[in-house]
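The values are calculated or read from the model by the stated rules, or taken from the named source; none is laboratory data. The structure presented is a predicted model; accordingly, all values stated were derived computationally and were not measured. All Cβ positions, glycine included, derive from the backbone under ideal geometry; neighbour counts span all protein chains shown. Surface areas here come from the heavy atoms of the whole protein model, side chains and all, with no ligands, DNA or RNA. Shrake-Rupley method; radii C 1.70, N 1.55, O 1.52, S 1.80 Å.
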Amino acid sequence: MVNFELDAFIKALPVIGRALPITVSVAMVSMILGVVIGTLITLMRRSNIKWIKSILELYVSFFRGTPLMVQMFIFFFGLPQLIPVLAKVNAYYASIIVMSINASAYASEVIRSSLNAVDKGQYEAALSVGMSKYQVMVRIILPQGFRIAIPPLGNTFISLIQGTAITFMLGLQDIMGVSKMSAAASYRFFETYLAVGLIYWMLTSLASWLNSYLEKQLSYGLEA
Amino acid sequence: MLKVTGVKKAFGQLAVLKGIDFEVRKGEIVSIIGPSGSGKSTFLRTLNFLEQADHGQYEFNNEEYEMNKMTDRQQLSIRKNISMVFQNYHLFKNKTALENITESLIVTQKMSSVLAQERGEELLKLVGLSDKRDQYPHQLSGGQQQRIGIARALAMKPDMILFDEPTSALDPELVGEVLKVIKKVAEINTTMIIVTHEMDFAKDISDRVMFMDEGIIAAEGSPAAIFNSSTDQRLGRFLGRFKDQ
């Protein structure tokens with residue numbers, strides 16, 4: 001007989017499911033903060049002041065170019081060594097902080113290329129009727145740019161959901177953390193990890209569906 | 001109304017404008033013709049600062065500026081009085097035809113949306129597109145988009161309108177309807193500077209024609225002088241290409 005207990009698999013689902021609010025909230029809050037911060041970064045990167053541009057490019061490069069796990073370890077285990085008060089930040093908030101910063105770097109790049117995709121001609125036309133650069137951005141470029149950014153931002157969100165899986169290493173009892181404990185306790189490794197895998201799959205599928213829906217809604221009245 | 005002297009512009013090593021002196025009076029219609037690469041569009045675009053000139057004096061409504069030392073605010077304030085019609089129309093793709101026209105009124109002139117809409121519909125009627133008021137640019141033909149572009153340029157009652165090859169991107173059968181509208185604009189006594197390849201149109205509508213070649217004004221004069229009796233060699237060669245058609 002194959003060493004697989006369907007019973008154990010089915011029982012694992014609700015156990016792990018109870019930790020869903022943690023995983024989902026970390027992913028969603030980080031995504032929202034990431035997009036907000038990322039947009040601000042993108043807009044500031046357009047500035048003519050050289051040092052602002054350089055610092056922000058460095059920021060984006062670092063947080064896109066190092067593993068999320070490394071970023072989390074530096075923040076959660078490393079920084080308290082320098083700044084003792086940071087030891088008080090618990091795993092949940094630390095996860096959100098690090099993932100938001102991480103997401104903001106990716107979001108900034110997505111939004112930057114999306115804004116560039118809006119043709120320069122419209123920008124010039126808006127200037128030509130006496131609009132200020134700020135007005136052009138807010139009324140013409142950003143609305144179109146955000147629509148273009150929806151699909152790639154959706155991908156960022158899906159990566160974010162999967163990225164939450166490593167937060168258990170900070171001691172956070174998210175779905176991965178719970179499943180690890182549950183598997184160790186029951187010795188039903190395959191069933192437990194398969195269950196959490198399916199739950200992640202369900203989450204990302206939901207995110208994909210939401211993304212398509214949003215894309216469709218915002219295209220109403222405009223061509224693809 | 002507008003006078004510029006010594007306008008120079010280079011892109012890296014390439015000198016595109018080599019010192020242009022130009023003047024236009026209120027109500028005048030000037031056409032600029034010339035071969036590709038002569039700098040016509042670049043020059044036009046320095047007049048509303050979509051290109052920043054490297055050198056030059058700019059005098060508009062009795063205010064004088066050094067073109068390479070102007071502030072954003074100064075340029076913005078002048079742009080409220082000079083509008084432009086683009087070769088590729090450049091309508092706001094996320095706004096309807098009417099909204100394209102009213103956008104500048106609501107945003108830069110703080111007009112109430114009711115008044116703006118009234119003016120917008122007036123202009124839609126002028127360009128013959130009242131029935132397209134709620135359509136988006138992607139639903140309109142090139143000629144229709146350009147006519148909306150002209151209406152948009154007219155909305156703010158500008159002192160001057162710049163036309164950058166307004167019909168060059170249009171299918172031949174759509175050129176006529178746009179030229180008709182431009183003619184209407186000329187009739188309401190707007191100051192206009194038109195860069196164009198439509199020679200007959202330029203001859204018909206202009207008070208003055210300017211021939212640009214390799215970054216300078218090679219010839220200038222009345223339409224009759226330029227098209228019929230010029231002795232300039234380069235101009236002769238340029239026009240010769242059109243006579244054969």
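Remarks
- Restricting B:ILE148, B:ILE193 to those that are farther than 25 Å from B:PHE43 by Cβ, surrounded by 23 or more Cβ atoms within 10 Å (Cβ to Cβ) and within 14 Å of chain A (Cβ to nearest Cβ) reduces the list to B:ILE148.
- Screening A:PHE190 with (1) over 18 Å from A:MET31 (Cβ atoms); (2) modelled with pLDDT of 90 or more; (3) away from chain B (no Cβ under 14 Å); (4) buried (at least 19 other Cβ atoms within 10 Å of the Cβ) gives one miss only, at (4).
- Spans of helices (runs of 4 or more DSSP H) in segment A:70-136 with at least 3 residues within 14 Å of another protein chain (Cβ to nearest Cβ) and open to solvent by less than 20 Å² (accessible area, probe 1.4 Å): A:120-128
- Residues in segment B:122-157 that are of a type in the set (A, V, I, L, M, F, W, C) and not in a helix (DSSP H, G or I): B:VAL127, B:LEU129, B:LEU140, B:MET156.
- Take the conditions (1) farther than 21 Å from B:ASN48 by Cβ; (2) open to solvent by 50 Å² or more (accessible area, probe 1.4 Å); B:ILE188 misses just one of them, which is (1).
- Residue ID - nearest to the other protein chains (Cβ to nearest Cβ), chosen from residues in segment B:62-116 that are closer than 22 Å to B:MET1 by Cα and among the aliphatic types (A, V, I, L, M): B:MET84
- Close pairs (9 angstrom Cβ cut-off, 6 or more residues apart or separate chains): over 16 Å from B:PHE92 (Cα atoms) in segment A:108-122, not in a helix (DSSP H, G or I) anywhere: A:ARG112/A:ARG46
- Selection within segment B:100-111: residues that are without any contact (Cβ under 8 Å) to a residue 12 or more places away in the chain and touching a helix residue (DSSP H, G or I) at 6+ places or on another chain (Cβ under 8 Å). The member of this set that is least open to solvent (accessible area, probe 1.4 Å) is B:VAL107.
- Positions within segment B:174-195 being free of Cβ contacts under 8 Å to residues at least 12 places away in the same chain and farther than 11 Å from B:GLY27 by Cα, in sequence order: B:GLY176, B:LYS180
- Restricting the search to strands (runs of 3 or more DSSP E) fully inside segment B:190-231 and requiring at least 2 residues that are closer than 12 Å to B:SER38 by Cβ gives B:208-213, B:216-221.
- Flag for A:ALA185 being under 30 Å from A:ASN3 (Cα atoms) and open to solvent by less than 40 Å² (accessible area, probe 1.4 Å): no
- Any hit, segment A:6-29, residues being of a type in the set (D, E, K, R) and more than 25 Å from A:LEU203 (Cβ to Cβ): no
- Selected residue (only one of A:PRO143, A:PRO152 is without any contact (Cβ under 8 Å) to a residue 60 or more places away in the chain, away from every other protein chain (no Cβ under 14 Å) and more than 30 Å from A:ALA8 (Cβ to Cβ)): A:PRO152
- Apart from one condition, B:ALA224 fits all of (1) aliphatic (A, V, I, L, M); (2) within 26 Å of B:THR46 (Cβ to Cβ); (3) surrounded by fewer than 19 Cβ atoms within 10 Å (Cβ to Cβ); the exception is (2).
- Filtered by the rule that a residue be within 18 Å of B:ILE161 (Cα to Cα) and not hydrophobic (A, V, I, L, M, F, W, C), segment B:75-102 gives B:GLN75, B:SER77, B:ARG79, B:LYS80, B:ASN81, B:SER83, B:GLN87, B:ASN88, B:TYR89, B:HIS90, B:ASN100, B:THR102.
- B:MET160 vs. criteria crowded, with 20+ Cβ neighbours inside 10 Å, within 9 Å of another protein chain (Cβ to nearest Cβ) and touching a residue at least 12 places away in the same chain (Cβ under 8 Å): no
- Filter result for A:LYS216 (away from every other protein chain (no Cβ under 14 Å), surrounded by fewer than 16 Cβ atoms within 10 Å (Cβ to Cβ) and among the basic types (Lys, Arg)): yes
- Count of segment B:196-221 residues which are open to solvent by 40 Å² or more (accessible area, probe 1.4 Å) and farther than 20 Å from B:ILE29 by Cα: 1
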